[in-house]
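S.K.: Below is the structure I would like to discuss, written out as structure tokens.
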Amino acid sequence: MYMGVDVHKNYCQFHVLDDNGKIFSKAKVVNTPDSLTKYVQGLPNESKQAVLEAGYGWMPVHDTLSGLGVSVCLAHPKKTKAIADARIKTDKIDAQALAELLYQNYVPKVWIPDQQTRRLRELTRHRMLLVHNCTRLKNNIHNYLSRIGVQAPRLANLFTKPGIKFLQGIALDEQQRFLLDSKISSLLATKQQVKIVTERIQETGTQDKRVTTLTKIQGIGLFGALVIVSEIGDIERFEHPKKLCSWAGMVPSVSQSGNKTVYGHITKHGNAYLRWILVQCTHASIRYPGYLQSRYYKIMHKRGSKAATIACARKLLTKIWYELKRAKQ
């Protein structure tokens with residue numbers, strides 16, 4: 001049995017082919033574990049394969065089907081679209097296309113992280129979201145102070161204890177005071193959540209040998225190492241550091257026609273979280289004397305700081321590949 005499954009929030013569209021590639025079943029099933037289980041168990045008792053697109057809500061459907069003994073693979077959405085593009089797009093057509101690709105063994109597969117890796121990703125990505133929200137709230141407060149004509153003091157950080165004390169002591173009218181206090185409360189609450197999640201991450205980081213290995217690299221801290229480990233997953237799936245760099249979207253785009261080859265900006269067709277943390281670690285690493293710092297300034301004088309940062313981040317990722325490979329031995 002070959003099952004193409006188009007996953008949505010409230011339902012899943014199934015298109016099932018038999019071993020001869022003939023349509024066996026079509027169904028619109030409510031997206032709950034009980035409904036999915038009932039439908040799959042109602043199919044003939046033989047080996048089953050299923051394919052889902054790596055998009056919204058794939059994880060619970062994957063886990064439910066896998067628990068029923070179905071061999072599940074994930075399809076790369078962009079590559080699937082390129083192979084099975086259609087002018088008319090419906091849920092039924094999408095499910096049919098997935099089932100036919102699975103039957104013909106043409107599915108552009110995506111690596112499926114294990115449960116432990118997924119849980120670690122959830123933790124690190126949640127902290128990234130909280131930090132992003134902190135930055136957004138700080139910018140909003142700065143913007144509000146400018147709008148109401150308040151000149152902030154020359155502090156290294158307005159949001160330390162002295163800065164917060166200054167903000168809470170500004171003489172404002174009733175509405176301005178209410179709005180500013182509301183913004184400050186939101187910021188302090190978010191910062192407290194960052195602290196709580198960071199403590200949880202620190203407890204997790206001490207239990208992983210790979211994290212300990214990466215923190216020995218200059219510029220990579222505990223959180224950075226955890227993000228890198230959770231986003232890369234099993235390093236054995238990359239047989240060469242160039243493949244890891246390509247997967248992360250940190251290789252230049254190439255346009256070739258005849259004898260002319262043009263290299264452009266990095267592709268960015270990869271893991272955005274990994275690229276972000278590599279840039280942050282690179283910024284930390286080039287503060288100290290060493291190979292990355294000298295390489296950074298050499299490239300910066302020729303091509304600018306952005307190109308230098310990306311080039312050094314790629315070198316850092318290459319070093320990470322070698323260190324993780326050694327840690328596996």
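S.K.: Need the full-extension length gain, TYR291 to LYS81, defined as separation in residues times 0.36 nm minus the C-alpha distance. One decimal, nm.
M.R.: My answer for the length gained is 71.4 nm.
S.K.: Take GLU323 and LEU172, extend 7 Å from each Cα along the Cα→Cβ direction, and tell me the distance between the two endpoints in nm.
M.R.: Once both label points are built, they end up 4.4 nm from each other.
S.K.: Give me Rg/Rg_expected for the chain, where Rg uses Cα atoms only and Rg_expected = 2.2 N^0.38 Å with N residues.
M.R.: 1.26
S.K.: If you don't mind, there's one more thing I want to ask. Over the chain, what relative contact order in percent results from Cα pairs under 8 Å that are six or more residues apart?
M.R.: Relative contact order here is 12 percent.
S.K.: In terms of the ratio Rg/(2.2 N^0.38 Å) built on C-alpha atoms, what value belongs to region 211-328?
M.R.: 1.08
S.K.: Sorted by average packing, counted as other Cβ atoms within 10 angstrom per residue and highest first, what order do 126-138, 228-240 take? List each step's numbers first, then the result.
M.R.: On the way: 126-138: 15.7, 228-240: 17.5.
Top of the packing list down: 228-240, 126-138.
S.K.: Taking only the Cα atoms of region 80-230, how large is their convex hull per residue, in Å³?
M.R.: Details: hull volume 33.9 nm³, N = 151.
For region 80-230, the hull spanned by Cα atoms encloses 224 Å³ per residue.
S.K.: Can I ask one more? Which whole-Hz ³J(HN,Hα) couplings does region 89-101 yield from phi under the Karplus relation 6.51 cos²θ - 1.76 cosθ + 1.60, θ = phi - 60°, glycine and proline marked x?
M.R.: 10, 9, 4, 5, 5, 4, 5, 5, 4, 5, 5, 5, 5
S.K.: By the scheme Lys and Arg +1, Asp and Glu -1, what is the net charge of all other residues having a beta-carbon under 11 Å from that of GLN96?
M.R.: Numbers: positive: LYS26, LYS92; negative: ASP6, ASP91, ASP94, GLU100.
After counting each charged neighbour, the total is -2.
S.K.: Can I ask one more? What are the chymotrypsin sites (Phe, Trp or Tyr not before Pro) within region 1-77 that DSSP puts in a loop, where the Cβ has at most 10 other Cβ atoms within 10 Å?
M.R.: In loop regions of region 1-77 (DSSP not H, G, I, E or B), the sparsely surrounded chymotrypsin sites (Phe, Trp or Tyr not before Pro) are TYR56.
S.K.: Once label points are set 7 Å from the Cα along Cα→Cβ at both MET128 and HIS240, what is their separation, rounded to one decimal in nm?
M.R.: In this crude spin-label approximation the distance works out to 2.7 nm.
S.K.: Taking 0.36 nm per intervening residue step and subtracting the Cα-Cα distance, what contour gain separates SER186 from ARG118 on full extension?
M.R.: Using 0.36 nm per residue and subtracting the Cα-Cα distance, I get 21.6 nm.
S.K.: Mean separation of Cα pairs under 8 Å and 6+ residues apart, divided by the residue count of region 123-235: what relative contact order is that in percent?
M.R.: Details: 57 pairs, mean separation 37.6, N = 113.
Answer for region 123-235 is 33 percent.
S.K.: While we're on this one: Between region 160-214 and region 129-149, how far is it from one alpha carbon centroid to the other, in angstrom?
M.R.: Cα centres, region 160-214 to region 129-149: 13 Å.
S.K.: Rounded to the nearest 0.05, what FRET efficiency do LYS9 and LYS109 have when you use their Cβ-Cβ distance and R0 = 35 Å?
M.R.: Values: r = 24 Å, r/R0 = 0.69.
Efficiency, rounded to the nearest 0.05: 0.90.
S.K.: Cα convex hull of region 2-110: mean projected area in nm², to one decimal? Can you show the working numbers first?
M.R.: Details: hull surface 24.3 nm².
Reported value for the Cα convex hull: 6.1 nm².
S.K.: Report, for the chain, the % of DSSP beta bridges that are antiparallel, rounded to 5.
M.R.: 70 percent
Where a number appears in this text, it was derived from the coordinates with a stated rule and is not lab data. Please read all numbers here as calculations on a predicted model, not as lab measurements. Methodologically, a virtual Cβ is constructed for each residue, glycine included, from the backbone with ideal geometry; neighbour enumeration extends over all protein chains shown.
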